[in-house]
Amino acid sequence: MNDFWTLPAGAWQQTLTVQKSRFIAFATRVNSATEAQAFIKKVALPDATHHCYAYLTADGQKSNDNGEPAGTAGLPILQAIKSAELSHVVVVVERYFGGIKLGTGGLARAYGQAATQVLSAVKPVLMRDCVVLEFTSNYEQQTAIQQLLTKYSAQGIPTYQADIVWRVSVPQNMQTQLQQALGEIMRTAPVVKIIAPHAWVEFPA
């Protein structure tokens, strides 16, 4: 699977009021359709008039109008996810009817706006398929290694002992270059242990 943009870890909520109807939107990152369905059930408000949603994951995509006119709720929510260029995301919009009919066009705009609003409330993150490595350096090499990690889009966590033990997540296509560059800094081929050959790691925007 290619790298993808998604929401950071956590759950997000925004409320939109249109003609006395309240649209409460919830969003979170999910890894599968099963996780998406679990979140949909979790945030369902029992007294809401409609429980509409859409999700886009590696399993595919799905939208649901939950009693609203066909195409006026689930599809606008799904389009909001796609317009934000996000994946592995579920958005649920709970509607409380305010007594004024919005019409099909008004409904579609309201659901789409509610979904866009909750997705825009937080900065997206880039999920990258990484190799997780572990190696040891001395303290004199620390600054140079930190510069290398930035150069090769890697994230490193140092543990300070007699020497520095590094736990590094590096994108798959950067692993070879990073290890070669480490050898140049250390003036010897580093002993590198692969902790995980594949791990999805969150990188900030």
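All conditions in (1) in contact with a strand residue (DSSP E or B) (Cβ under 8 Å, 6 or more places away or on another chain); (2) surrounded by fewer than 18 Cβ atoms within 10 Å (Cβ to Cβ); (3) within 30 Å of Ser32 (Cβ to Cβ) hold for Asn173, with the sole exception of (1). Selection of first residues in segment 171-190 that are within 28 Å of Glu202 (Cβ to Cβ) and of second residues that are part of a helix (DSSP H, G or I) and among the β-branched types (Val, Ile, Thr), restricted to Cβ pairs under 9 Å at least 6 apart or on distinct chains, gives the following pairs, ordered by first then second residue: Leu182/Ile145; Ile185/Ile145.
For segment 113-131, taking the residues that are among the β-branched types (Val, Ile, Thr) and either in contact with a helix residue (DSSP H, G or I) (Cβ under 7 Å, 6 or more places away or on another chain) or assigned to a strand (DSSP E or B) (or both), the one that is farthest from Pro204 (Cα to Cα) is identified as Thr116. Screening the candidates Glu94, Glu134, Glu140 for the property of being touching a residue at least 24 places away in the same chain (Cβ under 8 Å) and over 26 Å from Phe203 (Cβ atoms) yields one hit, Glu94.
Just name the residue that is surrounded by the most Cβ atoms within 10 Å (Cβ to Cβ) out of those in segment 49-95 that are assigned to a helix (DSSP H, G or I) and of a type in the set (A, V, I, L, M). Explain how you work it out, then say what you get.
From segment 49-95, those assigned to a helix (DSSP H, G or I) are 74-83; that's our starting set.
Add one more test, that the residue is of a type in the set (A, V, I, L, M), and what stays is 75, 77-78, 80-81.
Values: Leu75: 18, Ile77: 29, Leu78: 23, Ala80: 26, Ile81: 25.
The selected residue is Ile77.
Within segment 132-144, the set of residues being part of a helix (DSSP H, G or I) and not hydrophobic (A, V, I, L, M, F, W, C) comprises Tyr139, Glu140, Gln141, Gln142, Thr143.
Among the residues of segment 14-40, write down those that are under 21 Å from Gln117 (Cα atoms) and either part of a helix (DSSP H, G or I) or under 15 Å from the mean Cα position of the chain (by Cα) (or both).
Narrowing segment 14-40 to residues under 21 Å from Gln117 (Cα atoms): 14-30, 36, 39-40.
Residues satisfying the conditions are Phe26, Ala27, Thr28, Arg29, Val30, Ala36, Phe39, Ile40.
Every read-out reported here was derived from the displayed coordinates using simple, explicitly stated rules and does not represent laboratory data. If you're wondering where the values come from, they're calculated on a predicted model, not measured in any experiment. Cβ atoms come from the backbone with ideal geometry, glycine included; neighbour counts cover every protein chain shown.
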